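*Asks:* Pasting in a structure now, in structure tokens, and then I'll have a few things to ask.
The values are calculated or read from the model by the stated rules, or taken from the named source; none is laboratory data. This one's a predicted model, so the numbers in the text were calculated from it and none came from an experiment. Glycine also receives a Cβ, built like all others from the backbone with ideal geometry; neighbour counts cover every protein chain displayed. SASA here: full protein model, heavy atoms, side chains in, ligands and nucleic acids out. Shrake-Rupley method; radii C 1.70, N 1.55, O 1.52, S 1.80 Å.
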Amino acid sequence: MKRSFKDADFDRLAAFWNECSPEKYLIDGEQLRLNTVDSPVFDWGASCIEDADGEILGFVSIKKSAASLYQGPDQDVAHLSCIAYCEAQYGLDLMTDVKMLLANRGFTKIQFGQDSRHFFPGCPTDYPSLCSFLTVEGFSEGGECVDLERNLTDYKNVFPTPAGDELRVLTNKDIPALADFFDREFPYRWKYDTMTKVSIEGPSCVFGLFHGDRIDGFALVQDSSNKAPIGGAVWHPSLGKNWGALGAIGVAKDLRGKGSGNALLGSALEHLRDKGVDRCIIDWTGLVDFYGKHGFVPTRTYKSMSLVLEA
């Protein structure tokens, strides 16, 4: 029997997910709730749970385009946020219904992951059963990105702060300047994700690059005190008790290539280290060399996968 996520037991669903998934991709029930029904683009009509006699057989979470939240996304692209099943036949059954429903609504493509409040920026290459399932379903491969990690216990920033740059944690009075910075430099997803995060956690989740009262760079920082982990922080069970996450991070166009980015990154990492973070993750990036200068190495590789829907 298929049913909606209304009144779902997220701890049970997460336990089911964890039975099906490699160790690097384990989650908890609260994270599953946050990344499904708590998302403003969660698709209640296309997402469902399949069970029989109280036993979970599979579930699928679909997200609508984030075009209603910020500019950029294609409103005709839906997202397969996650799927879990005990046997492939149940996954195939779930996807048959999803594809038919979304095509009938006029959606032109299903993107695996990359949704607002995503788990996956693509299909993990070390999750072969999922990659094979998506391939059988007709998904095509695109480019790759990685997650990077390192232990911060012995981290030391060796990058000098350029003259005039001030690097520090944001306070409440800095929030308007942060919004102004995003409007100038990163007005779309990074603005939405970071300002939403600030509304939940407070301004201390952002480490800023200041020139006077003006913000010209930011780094989103997370640790185990956070209420709503996002990005790579969703994999915090694999990072250990004193986990941390950094990213997104960016500086103003006119500062790029002048050392401000490395100084901001290094100072933000020392901030996390001083808060007691051990293992830290930076997610969904192709800048392996840039982060490698700070000791980060790839730990997960994802390949973009999407399915064109037939009208």
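*Asks:* Name, by its number, the condition in (1) crowded, with 16+ Cβ neighbours inside 10 Å; (2) in contact with a strand residue (DSSP E or B) (Cβ under 6 Å, 6 or more places away or on another chain) that does not hold for A8.
*Replies:* Just one mismatch for A8, condition (2).
*Asks:* What are the residues in region 254-311 that are touching a Pro at 6+ places or on another chain (Cβ under 7 Å) and on the phi > 0 side of the Ramachandran plot, if any?
*Replies:* Selection gives G259, W284.
*Asks:* Exactly one condition in (1) farther than 19 Å from P121 by Cα; (2) open to solvent by 20 Å² or more (accessible area, probe 1.4 Å) is not met by G29; state its number.
*Replies:* Looking at each condition in turn, G29 falls short on (2).
*Asks:* Collect the residues in region 247-282 that are part of a helix (DSSP H, G or I) and of a type outside the set (A, V, I, L, M, F, W, C), keeping them in residue-number order.
*Replies:* K253, D254, S260, G261, N262, G266, S267, E270, H271, R273, D274
*Asks:* Only one of S81, S39 is part of a strand (DSSP E or B) and either open to solvent by less than 50 Å² (accessible area, probe 1.4 Å) or on the phi < 0 side of the Ramachandran plot (or both); which?
*Replies:* Exactly one of S81, S39 is part of a strand (DSSP E or B) and either open to solvent by less than 50 Å² (accessible area, probe 1.4 Å) or on the phi < 0 side of the Ramachandran plot (or both), namely S81.
*Asks:* Could you go through region 157-171 and let me know if any residue there is within 30 Å of F210 (Cβ to Cβ), of a type in the set (S, T, Y), open to solvent by 50 Å² or more (accessible area, probe 1.4 Å) and modelled with pLDDT of 95 or more.
*Replies:* yes
*Asks:* Same structure again: For S61, which of the numbered conditions (1) in contact with an Asp or Glu (Cβ under 6 Å, 6 or more places away or on another chain); (2) of a type outside the set (A, V, I, L, M, F, W, C); (3) crowded, with 22+ Cβ neighbours inside 10 Å fails to hold?
*Replies:* (1)
*Asks:* Only one of these is open to solvent by 40 Å² or more (accessible area, probe 1.4 Å), in contact with a strand residue (DSSP E or B) (Cβ under 7 Å, 6 or more places away or on another chain) and among the small types (G, A, S): S267, S204. Name it.
*Replies:* Within the list S267, S204, the selection yields S204.
*Asks:* A further question follows. Among the residues in region 232-248, are any crowded, with 22+ Cβ neighbours inside 10 Å, touching a residue at least 60 places away in the same chain (Cβ under 8 Å) and small (G, A, S)?
*Replies:* Yes; the residues of region 232-248 include at least one that is crowded, with 22+ Cβ neighbours inside 10 Å, touching a residue at least 60 places away in the same chain (Cβ under 8 Å) and small (G, A, S).
*Asks:* Could you say which residue among D223, D180, D165, D213 is in contact (Cβ under 8 Å) with a residue 24 or more places away in the chain, more than 30 Å from E23 (Cβ to Cβ) and in contact with a Leu (Cβ under 7 Å, 6 or more places away or on another chain)? Outline the logic, then answer.
*Replies:* Values: D223 fails: more than 30 Å from E23 (Cβ to Cβ); D180 fails: in contact with a Leu (Cβ under 7 Å, 6 or more places away or on another chain); D213 fails: in contact with a Leu (Cβ under 7 Å, 6 or more places away or on another chain).
After applying the criteria, what remains is D165.
*Asks:* Assigned to a loop (DSSP other than H, G, I, E, B), among the acidic types (D, E) and open to solvent by 20 Å² or more (accessible area, probe 1.4 Å), is that true of D97?
*Replies:* no
*Asks:* Could you grab me the full set of residues in region 115-134 that are open to solvent by 50 Å² or more (accessible area, probe 1.4 Å) and touching a residue at least 60 places away in the same chain (Cβ under 8 Å)? Walk me through how you get there before you give the answer.
*Replies:* Of region 115-134, the ones open to solvent by 50 Å² or more (accessible area, probe 1.4 Å) are 117, 125-126, 128-129, 132.
Answer for region 115-134, where residues must be open to solvent by 50 Å² or more (accessible area, probe 1.4 Å) and touching a residue at least 60 places away in the same chain (Cβ under 8 Å): R117, T125, D126.
*Asks:* Next question. Please indicate, with yes or no, whether at least one residue in region 65-77 is surrounded by fewer than 16 Cβ atoms within 10 Å (Cβ to Cβ), in contact with a strand residue (DSSP E or B) (Cβ under 7 Å, 6 or more places away or on another chain) and not charged (D, E, K, R).
*Replies:* Taking every residue of region 65-77 in turn, none turns out to be surrounded by fewer than 16 Cβ atoms within 10 Å (Cβ to Cβ), in contact with a strand residue (DSSP E or B) (Cβ under 7 Å, 6 or more places away or on another chain) and not charged (D, E, K, R).
*Asks:* Taking into account only those residues within region 274-311 that are basic (K, R) and over 18 Å from the mean Cα position of the chain (by Cα), which is least open to solvent (accessible area, probe 1.4 Å)?
*Replies:* Once the filter is applied, the top-ranked residue is K275.
*Asks:* Okay, moving on. Which pairs turn up if I take residues in region 11-29 that are free of Cβ contacts under 8 Å to residues at least 24 places away in the same chain and look for partners that are open to solvent by less than 40 Å² (accessible area, probe 1.4 Å) and in a loop (DSSP other than H, G, I, E, B) with beta carbon separation below 8 Å, at least 6 apart in sequence or on another chain?
*Replies:* If the second residue must be open to solvent by less than 40 Å² (accessible area, probe 1.4 Å) and in a loop (DSSP other than H, G, I, E, B), the pairs left are A14/I27; N18/I27.
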